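Engineer: If you scroll down you'll find the structure; I have some questions about it.
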Amino acid sequence: MHPVHAYELLSIVPDFRSALDIPYCHHEKWDGTGYPRQLKGEQIPLSARVFAIVDVWDALLSNRPYRSAWSVDRTIEYIHYQSGKQFDPEIVGAFMKKAMIMPLYFNAESEILQGSCD
């Protein structure tokens, strides 16, 4: 499980200790069905709850060897569908407010024009 491996590797770096919750807990799910510790709701550190949405947003909008990138609309629909299941509903709401003001980053075909780190 990469969250455990990341925690073990990064915990020996003093400058990373304050951020260890992110790699360790970003696969926990709001409903308690995630991993590695099956944390639920607010047991999941806030930083990891935020990063979980950002991670899925980036993953779904990116091409992968096994699938093409999703459209922005499909990605938004998926994140809304997972609100209260995979994601903290309050953070989904805040994230979507910000996502709606990012149209400059996407053209009509939902391709990333700028702001990508790839």
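Engineer: At 0.36 nm per residue, minus the direct Cα-Cα distance, what do ALA19 and ASP73 gain on full extension? Give it in nm, one decimal, please.
Structural biologist: Between ALA19 and ASP73, full extension yields an extra 16.3 nm.
Engineer: Taking every alpha carbon pair in the stretch 2-105, what does the distance histogram look like in 10 angstrom bins from 0, in percent?
Structural biologist: Histogram of Cα-Cα distances, whole percents per bin: 15, 42, 33, 10, 0.
Engineer: For the stretch 1-65, which chymotrypsin sites (Phe, Trp or Tyr not before Pro) pass both filters: DSSP loop (anything but H, G, I, E, B) and at most 14 other C-beta atoms within 10 Å?
Structural biologist: none
Engineer: Rounded to the nearest 20 Debye, what is the dipole magnitude of the stretch 16-109 about its Cα centre when Lys and Arg each give +1 and Asp and Glu each give -1 at the C-beta?
Structural biologist: 160
Engineer: Separate question: Place a +1 charge on the Cβ of each Lys and Arg in the stretch 1-61 and a -1 charge on the Cβ of each Asp and Glu, then give the dipole magnitude about the Cα centre in debye, rounded to the nearest 20.
Structural biologist: For the stretch 1-61, the charge dipole is close to 140 debye.
Quick note: the coordinates plus some simple rules give every number you see, no bench work behind them. Everything quoted here is computed from the prediction, not taken from an experiment. Neighbour counts run over all protein chains shown; Cβ positions are idealised from the backbone, glycine included.
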